[in-house]
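What follows is a short report on a single structure.
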Amino acid sequence: MRYKNTWDMESVFAGGSNSPAFHEKVSNLQEELKEFDECIHQWNTKEDAPDYKGLTTILSKRETLEKGIGESRTFVSGLASADVNDTIARTNLNVVTQLYTKLSNSLIVFKKKLTDIRDEDFKHLLEQEAFKQSAFPLNEMREQAKKLLSTEEEELLNNLSMDGFQGWGNMYDELVATIEVPFEEEGEMNSYSAGQAENKMNAEKDPEKRSEMLESWENAWAEKADLFASTLNHLAGFRLSDYKAHGIMDYMEPPLEYNRMESDTLNAMWDTISANKGKIVDYFERKAKLLDLKKLNWLDVTAAVNVGDFEEKDYTFTEAADFIMENFESFSPKMAQLAKQAFEEQWIEAEDRPGKRPGGYCANLPESKESRIFMTFSGSSDNVSTLAHELGHAFHSSVLRDLPTLNQNYAMNVAETASTFAELVVSDATIENANSEAEKISLLDEKISRSATMMMNIHARYLFERSFHEERQNGIVTAKQLSELMLVAQKEAYEDALETYHPMFWAAKLHFYNTGVPFYNFPYTFGYFFSLGIYARALEANGSFEEDYIALLRDTASMSTEDLAQKHLQVDLRKSDFWQEAIDRTHEDIDEFLELTEKYI
Ligand SMILES: [Zn+2]
């Protein structure tokens, strides 16, 4: 059977961007939001005790609203992604964003009211049948609300952050837009935007040219270093003042809390990684030899390795679908079943055509009880892995679907568990399925360089942010100091194994300027190795892993990360054992790589 590579949005709301059904939905949601807000304002926690009928109503209204807004957002953002020139879709997206803002404003009032309930009473409340299942998220919500200042003060802070915190975040985007990187090509000097330049550097095959490009790239950021330094200092300064106002003295507390994890876990992860870097350095040395270099330069770490010409294996969309389902099946028939539904019912927009936005994602349709996947599929092994990755997200959503939405809000560190797992299953299979040894080596190298990024590059980002925050607490950190801190962090993280580094990385990397979440780095490494550890167990379990795996996914938003691992994997994340198991998988890949490439050096 042939699968269609375009998605079905008509079944969600008929009529495309001008869909009457969608507009009707929005006006209904606006009405419901008004009622919800009134309901919350009228809620009297004292009168509602002891059986809390009012709270039950509020939670059920919230559920309906979240689902309705989620459904609408997936629809409009899908249309906007599939056609970047669809201006109506973009306007509609704005309308949906406003619905979210209204909902979250009402929820702030709600959360504050939760703190009116005395600790003792709240404990009893959580034991009641109606609230038991959502005890964890409800308790978390109330604990967070306890730290809030008065409604007026919070509102003032919010308003000030528009021109303060958010303003500096926008300033970063404006600064990046002025970056021009000159590259010499065939005797001519061409100038590129930051995004274009990055793509060109990553695609460049000649190591010498890559080095020259990195120098140009460094200079372009260095020319505006003072402006970037001011921006970064003000972002962190605002954040630290905000923490202080809320009685938070440790800048690691919010990012850890956000990821529902303990600092012991984070330290155990980095310590185990640090103890295992020798093998990555071996891999770097081999890669350098294959590239005819003494030592790798900064950009060489993720550059492609070619030991010979090969014709890359090409997959049609239907071939990819069959390949994915077949490989999912050996780990989990239910995962394969979900993928089958996604292909048959056209959940996936994968057509390679102009006018689509780049990248890929998976979005939930909570009312239709389906997902939608967006990507551009042009037939490479890499595309097959991406498709599997997004189907992993869809699977995660599907196993959470019957739970209250409160129990579906998993944190960033576990958000990529199911997707990375699915990707690992399929990327390992594409390596096995390679047309030639040269292709196999190239695919294996891609996989290892990803682990290396998690262990070295992300570690450097983390070390830099730690030392930057330490310094920032005492005052402004100059551009020169920032570059020094970055160089120290990179050398430590890469065990001094590279020939050149990227000291201006603190300006070039968007993640340091993210206004959404602080320390937008360690959850990547956490998520990757958490998933790799689960994958290692699945391989050992030989097919009997499915039920345990699903049970784990279902609990991803219902407990702390440590409890999740303890309950479902019987491991203590604060100790090194689990992390070592996960890293051993990477070591196996490196051993295979070293063996296969022996004859090419
Ligand atoms: Zn993902």
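The values are calculated or read from the model by the stated rules, or taken from the named source; none is laboratory data. Worth saying up front: this structure is predicted, and the values here are computed from it rather than measured. Here the Cβ is made from the backbone with ideal geometry for all residues, glycine too, and neighbour counts use every protein chain on show.
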Whichever residue in the stretch 420-433 is away from the ligand (no atom under 15 Å from the Cβ) and of a type outside the set (Val, Ile, Thr) and, among such residues, is farthest from residue 454 (Cα to Cα): 433
Residue pairs meeting the criteria (Cβ under 6 Å; at least 6 apart or on separate chains; first free of Cβ contacts under 8 Å to residues at least 60 places away in the same chain and closer than 12 Å to residue 393 by Cα, in the stretch 407-435; second polar (S, T, N, Q) and buried (at least 23 other Cβ atoms within 10 Å of the Cβ)): 423/385
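For residue 356, state whether it is under 27 Å from residue 544 (Cα atoms), in contact with a helix residue (DSSP H, G or I) (Cβ under 8 Å, 6 or more places away or on another chain) and more than 15 Å from the ligand (Cβ to nearest atom). Outline the logic, then answer.
Working: under 27 Å from residue 544 (Cα atoms): no; in contact with a helix residue (DSSP H, G or I) (Cβ under 8 Å, 6 or more places away or on another chain): yes; more than 15 Å from the ligand (Cβ to nearest atom): yes.
Taking the combined requirement at face value, the residue does not satisfy it.
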Some residue of the stretch 362-385 being of a type in the set (Val, Ile, Thr), touching a Phe, Trp or Tyr at 6+ places or on another chain (Cβ under 6 Å), surrounded by 21 or more Cβ atoms within 10 Å (Cβ to Cβ) and more than 18 Å from residue 75 (Cα to Cα): yes
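Filter the stretch 536-559 down to residues that are under 20 Å from the mean Cα position of the chain (by Cα) and either surrounded by 22 or more Cβ atoms within 10 Å (Cβ to Cβ) or not in a helix (DSSP H, G or I) (or both), then give me how many there are.
Going through the stretch 536-559, the residues under 20 Å from the mean Cα position of the chain (by Cα) turn out to be 552-559.
Subsequent filtering for residues that are either surrounded by 22 or more Cβ atoms within 10 Å (Cβ to Cβ) or not in a helix (DSSP H, G or I) (or both) retains 553, 555-559.
Here the count works out to 6.
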Hits in the stretch 140-174 (condition: surrounded by 13 or more Cβ atoms within 10 Å (Cβ to Cβ) and under 16 Å from residue 237 (Cβ atoms)): 157, 160, 161, 164, 165, 166, 167, 168, 169, 171, 172
Residue satisfying condition, being within 21 Å of residue 451 (Cα to Cα) and among the small types (Gly, Ala, Ser), within set 274, 263: 274
Residues of the stretch 510-538 satisfying the condition of being closer than 14 Å to residue 552 by Cα and of a type in the set (A, V, I, L, M, F, W, C): 530, 534, 538
Hits in the stretch 560-601 - residues which are assigned to a loop (DSSP other than H, G, I, E, B) and surrounded by fewer than 19 Cβ atoms within 10 Å (Cβ to Cβ): 560, 570, 571, 572, 574, 575, 576, 601
Of the criteria (1) farther than 30 Å from residue 133 by Cβ; (2) of a type in the set (A, V, I, L, M); (3) modelled with pLDDT of 95 or more, which one residue 571 fails: (1)
Close pairs (7 angstrom Cβ cut-off, 6 or more residues apart or separate chains): among the polar types (S, T, N, Q) in the stretch 484-508, assigned to a loop (DSSP other than H, G, I, E, B) anywhere: 490/501; 490/502; 500/297
Entirely in the stretch 67-176, the helices (runs of 4 or more DSSP H) that have 3 or more residues that are at pLDDT below 95 and β-branched (Val, Ile, Thr): 87-114
Residue selected from the stretch 382-419 under the condition of a type in the set (A, V, I, L, M) and closer than 24 Å to residue 304 by Cβ, by the criterion farthest from the ligand (Cβ to nearest atom): 384
Counted residues, the stretch 504-513 - those being part of a loop (DSSP other than H, G, I, E, B) and either in contact with a Gly (Cβ under 8 Å, 6 or more places away or on another chain) or buried (at least 22 other Cβ atoms within 10 Å of the Cβ) (or both): 1
Selection within the stretch 238-272 - small (Gly, Ala, Ser) and under 24 Å from the mean Cα position of the chain (by Cα): 263, 268
Close pairs (6 angstrom Cβ cut-off, 6 or more residues apart or separate chains): without any contact (Cβ under 8 Å) to a residue 40 or more places away in the chain in the stretch 391-402, among the polar types (S, T, N, Q) and away from the ligand (no atom under 12 Å from the Cβ) anywhere: 397/364; 397/371
Residue 372 being among the basic types (Lys, Arg) and within 15 Å of the ligand (Cβ to nearest atom): yes
For residue 322: the one exception among (1) outside any loop (DSSP other than H, G, I, E, B); (2) within 16 Å of the ligand (Cβ to nearest atom): (2)
Residue count for the stretch 332-348, restricted to those that are without any contact (Cβ under 8 Å) to a residue 12 or more places away in the chain and among the hydroxyl-bearing types (Ser, Thr, Tyr): 0
Among (1) surrounded by 19 or more Cβ atoms within 10 Å (Cβ to Cβ); (2) within 22 Å of residue 36 (Cβ to Cβ), the one test that residue 81 misses: (2)
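So that you can scan it fast, the table gives a plain yes or no per residue for (1) surrounded by fewer than 22 Cβ atoms within 10 Å (Cβ to Cβ); (2) in contact with a Ser or Thr (Cβ under 7 Å, 6 or more places away or on another chain); (3) at pLDDT 95 or above:
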{"position": "457", "(1), (2), (3)": "no, no, yes"}
{"position": "464", "(1), (2), (3)": "no, no, yes"}
{"position": "476", "(1), (2), (3)": "yes, no, yes"}
{"position": "486", "(1), (2), (3)": "no, no, yes"}
{"position": "515", "(1), (2), (3)": "yes, no, no"}
Residue count, the stretch 17-56 (criterion: surrounded by fewer than 17 Cβ atoms within 10 Å (Cβ to Cβ), over 19 Å from residue 99 (Cβ atoms) and within 33 Å of the chain's Cα centre (by Cα)): 1
Failed item, numbered, when residue 443 is tested on (1) away from the ligand (no atom under 16 Å from the Cβ); (2) farther than 30 Å from residue 331 by Cα; (3) modelled with pLDDT under 95: (2)
Positions within the stretch 110-139 being within 30 Å of the chain's Cα centre (by Cα), surrounded by fewer than 17 Cβ atoms within 10 Å (Cβ to Cβ) and free of Cβ contacts under 8 Å to residues at least 12 places away in the same chain, in sequence order: 132
